[in-house]
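Worksheet: one structure, shown below.
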Amino acid sequence: MTSGPILIGIPGTTLDAAGRAHLLHPAVGGVVLFTRNFESREQLDRLIADIRAVSDPRPLICIDQEGGRVQRLVEGFTRLPALGVLGSLGRSDPQKALDMAYRHGRVMATEMLACGIDLSFAPVLDLDRGSCVIGDRALSGDPIEVIRLGKAYLAGMHDSGMKTTGKHFPGHGSIVADSHVDDVCDDRSLEQIAVTDLAPFRELAADLDALMIAHVVYPEVDPLPAGYSSRWLRGVLKGDLAYRGVIFSDDLGMHAAKSVGNLVERTRLCLDAGCDLALVCQPGDVDELLGGLGEPLGDAGAAISRLYGRPTVNREELVEVDREGIKEWRRWRQSLEELGAQSWRENG
């Protein structure tokens, strides 16, 4: 059986008959989980087991567990600080910030893998330079600091057994508008972007197993948003940067993704441009896309198999660590939560 290139959102906390049918559709290769899919650890275990049991090869299960304001699973999990907190710490204690970046990636990934989630779309490698949607989701406004802390974060994820996903190539952080609700346009030249927003992706390309592409138009490079642009994906990313990892679109239901046509047209265009996997996160959009597809989209099994989680600590071992009160693991979790709480107090 093949795996399709579409990763879908499902509506609730259980996998109903419609959800099973969607996962069995030949265009679908996996699921993206959201807060709407979670009410307890026990319920999440059942949901993930049901998703995994639907087909063989099993669906890829993904989530956004960045920390800060983008943390889908909170109750029963480490409350992770926003990545921007690490950058703030780096200004006063660069070495501690590096250590905390590693811990952040390691703890986040370990907890997700222990639940059966393969991949968290992390870390954000955008720059914090005025975007209303990026902001403190970014490690810093300085590309050198994003590279330094980002490399440590990626190492933490890899040591847990999770693949890494940098986002949002080639950079969303320098434009104010939010691509979820607005069209976003960056008028700078490729040369200007290359020395700022693009730098972390270029320098960390060898450490990245996957990249997610921004729904941003860079008209000096291509009139199409980057996720639909073969100039960006095949020319700059695969050619100039020699990137060899998996390429994700961002959610094709976002406002800034709609400029090129309906969902079927968007999906085919992003795949033709060079994306390996496309996200369609809202259940209504999933119904529309799968109902409108005619010609098959092809097999994405090779890309998906590269991204399966391979945890270095299984669920039973992690439960045992918590029960026995292993000091290192407890200290790592506590230090991240204290760092986040300190930030919330300072900003509150």
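Please treat every number below as a calculation from the coordinates, not as lab data. All of these numbers come straight from a predicted model, not from anything done at the bench. As a convention, Cβ positions derive from the backbone with ideal geometry for all residues, glycine included, and neighbour counts pool all protein chains shown.
The magnitude of the dipole of the chain, with charges of +1 and -1 set on the Cβ of Lys/Arg and Asp/Glu and taken from the Cα centre, is near 660 debye.
Cβ crowding within 10 Å ranks Phe169, Phe34, Phe77 as Phe34, Phe77, Phe169, fewest other Cβ atoms first.
About the Cα centre of region 1-89, how large is the charge dipole given +1 on each Lys and Arg Cβ and -1 on each Asp and Glu Cβ? Please answer in debye to the nearest 20. Mind dumping the intermediate values first?
On the way: 9 positive and 9 negative charges, 21 e Å.
It works out to roughly 100 debye.
The alpha-carbon of Lys151 sits under 30 angstrom from the alpha-carbons of these lysines, leaving out residues fewer than 8 places away in its chain: Lys96, Lys163, Lys167, Lys238, Lys327. Under 5 Å between amide hydrogens, built in the peptide plane, is the criterion, and for Cys281 it picks out Gly9, Leu252, Gly253 among residues at least 5 positions away or on other chains.
In what sequence, highest mean first, do 251-257, 222-228 appear when ranked by Cβ atoms within 10 angstrom? Each step should come with its number before you reach the end.
Working: 251-257: 21.6, 222-228: 24.1.
Put in order of decreasing packing, that is 222-228, 251-257.
Taking every alpha-carbon pair under 8 Å whose residues sit at least 6 apart, region 60-169 reaches a relative contact order of 33 percent.
What FRET efficiency, computed as 1/(1 + (r/R0)^6) with R0 = 25 Å and r the Cβ-Cβ distance, is obtained for Arg323 and Glu39, rounded to the nearest 0.05? Let's see the in-between values first.
Numbers: r = 23 Å, r/R0 = 0.94.
Efficiency for this residue pair is about 0.60.
Computing FRET efficiency as 1/(1 + (r/R0)^6) for Arg20 and Glu295, where r is the C-beta to C-beta distance and R0 is 25 Å, gives about 0.60.
Where does the charge balance sit around Glu203 when Lys and Arg score +1, Asp and Glu -1, over other residues with C-beta under 15 Å from its C-beta?
On the way: positive: Arg148, Lys151, Arg202; negative: Asp126, Asp142, Glu145, Asp197, Asp207, Asp240.
In short, -3.
Distance between the 7 Å Cα→Cβ label points at Lys96 and Thr13: 3.9 nm. Exposure proxy ranking for His22, His104, based on other Cβ atoms within 10 angstrom of each Cβ and starting from the fewest, stands as His22, His104.
Electrostatic bookkeeping for Val280 treats Lys and Arg as +1 and Asp and Glu as -1; over the other residues with beta carbon under 11 Å from its beta carbon, the sum is -4.
Helical runs assigned H by DSSP (4 residues or longer) give the chain a calculated mean residue ellipticity at 222 nm of -12000 deg cm²/dmol, each run adding -39500 (n - 2.57) before division by the residue total. A Förster distance of 25 Å, applied to the separation of the beta-carbon atoms of Ser230 and Arg69, puts the FRET efficiency at 0.15. Would you mind computing, in nm to one decimal, how far apart the modelled labels at Lys238 and Val195 are, each placed 7 Å from Cα along Cα→Cβ? Between Lys238 and Val195, the label points sit 3.0 nm apart. The ellipsoid equivalent to the alpha-carbon distribution of region 61-205 has semi-axes of 24, 17, 14 angstrom, derived from the gyration tensor eigenvalues as √(5λ) and listed largest first. In region 6-347, a dipole from Cβ-located charges (positive for Lys and Arg, negative for Asp and Glu) runs towards its positive end, and of Val28, Ala341, Gln282 it is Ala341 whose Cα lies farthest in that direction. Annotation for region 225-252 versus region 112-149: alpha-carbon center distance of 18 Å. Sorted largest first, the spans of the alpha carbon positions of region 6-347 along the three principal axes are 55, 49, 33 Å. Look at Val32, Val280, Val124, Val221 and count the other Cβ atoms within 10 Å of each Cβ; fewest to most, that gives Val221, Val32, Val280, Val124.
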